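Report on the structure given below.
The values are calculated or read from the model by the stated rules, or taken from the named source; none is laboratory data. What you see is a predicted model; the values in this text were computed from it and never measured. When we count neighbours, we look across all protein chains shown, and the Cβ atoms used for this are built from the backbone with ideal geometry, even at glycine. Each accessible area value is taken on the protein alone, full model and side chains, heavy atoms only, with ligands, DNA and RNA left out. Shrake-Rupley method; radii C 1.70, N 1.55, O 1.52, S 1.80 Å.
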Amino acid sequence: MRIAHEQRRQDRGDVPAPGRPSRYREGDWVRVKEASEIRATLDAKDCHRGLWFTGSQWSFCGGMYQVERVVRRMVDDHYRIRRLSGTVALAGATCHGADGAQGCGLDCSLLFRDEWVEPAAAPTPAPADRSAALRATVRSLAEIRATLDGRGRLHGVPFQPGMERHVGEDFAAHEVSHRSLAWWQRPVGGRWFTLTGLRCDGGPMAAIGCDRQCALLWHESWLRLSGSPQR
């Protein structure tokens with residue numbers, strides 16, 4: 001539905017040009033400024049140049065993160081194509097919050113204005129802890145296609161272009177809590193998951209160019225699950 005809506009918008013020719021790039025590049029390390037510094041940039045609605053600093057973003061203040069993507073254009077939650085300038089998405093900074101207890105469950109990337117971050121040195125990497133994670137291996141294309149309808153969907157959720165390249169790969173999995181999602185976002189028909197590191201690359205809207213990098217939804221029938229859920 002969202003893709004069809006945006007295709008109609010694109011056909012009308014009112015797709016905005018990409019915004020000005022960030023001063024940072026993908027791969028740069030930055031530190032999210034302290035809450036007091038960020039508040040000084042916000043208006044009465046907690047916005048800066050029209051972009052909201054969300055409730056879950058405060059938990060990232062003072063932390064160091066790597067720039068995952070420069071965001072110059074995106075489709076927002078109201079199906080509008082927005083032009084963004086001087087804005088980045090940070091690896092690991094999602095709507096779940098720094099403590100993993102916030103957000104709606106879709107693990108969408110949070111967006112940070114250049115004014116909200118500052119350059120930082122790369123931290124010493126911590127060893128990955130795989131012991132408590134729920135793991136998922138993506139099933140074969142034949143198994144996945146057998147679950148899809150004629151439009152390439154399962155319970156209305158598309159198996160999106162590009163997801164097929166992860167067949168056979170193993171990831172940490174996180175179950176999406178339906179109760180925490182808005183009613184119009186709730187996937188039905190069983191359990192749905194996000195997989196660590198797998199995000200939309202804009203493929204479904206390649207002609208428009210969405211840099212938002214929302215998480216991809218995976219149905220339990222598309223995965224082989226093992227291990228214990230993360231707490």
Could you please find all residues in the stretch 18-53 being in contact (Cβ under 8 Å) with a residue 40 or more places away in the chain, assigned to a loop (DSSP other than H, G, I, E, B) and either open to solvent by 90 Å² or more (accessible area, probe 1.4 Å) or within 15 Å of Ala93 (Cα to Cα) (or both)? Arg20, Arg23, Arg25, Glu26, Gly27, Asp28, Lys33, Arg49, Phe53
Would you check if Gly197 is modelled with pLDDT of 60 or more, touching a Ser or Thr at 6+ places or on another chain (Cβ under 8 Å) and in a loop (DSSP other than H, G, I, E, B)? no
Tally, over the stretch 200-231, of residues that are at pLDDT below 85, in contact with a helix residue (DSSP H, G or I) (Cβ under 9 Å, 6 or more places away or on another chain) and surrounded by 15 or more Cβ atoms within 10 Å (Cβ to Cβ): 4
Take the stretch 180-194 and flag every residue that is aliphatic (A, V, I, L, M) and at pLDDT below 75. Leu181, Ala182
Given (1) at pLDDT 95 or above; (2) of a type in the set (D, E, K, R); (3) within 24 Å of Glu26 (Cα to Cα), number of the condition Arg139 does not satisfy: (3)
Mind counting the residues in the stretch 54-97 that are part of a loop (DSSP other than H, G, I, E, B), modelled with pLDDT of 90 or more and open to solvent by 60 Å² or more (accessible area, probe 1.4 Å)? 1
Restricting attention to the stretch 32-89, which residues are closer than 18 Å to Asp211 by Cβ and of a type in the set (D, E, K, R)? Arg49, Glu68, Arg69, Arg72, Arg73, Asp76, Asp77, Arg80, Arg82, Arg83
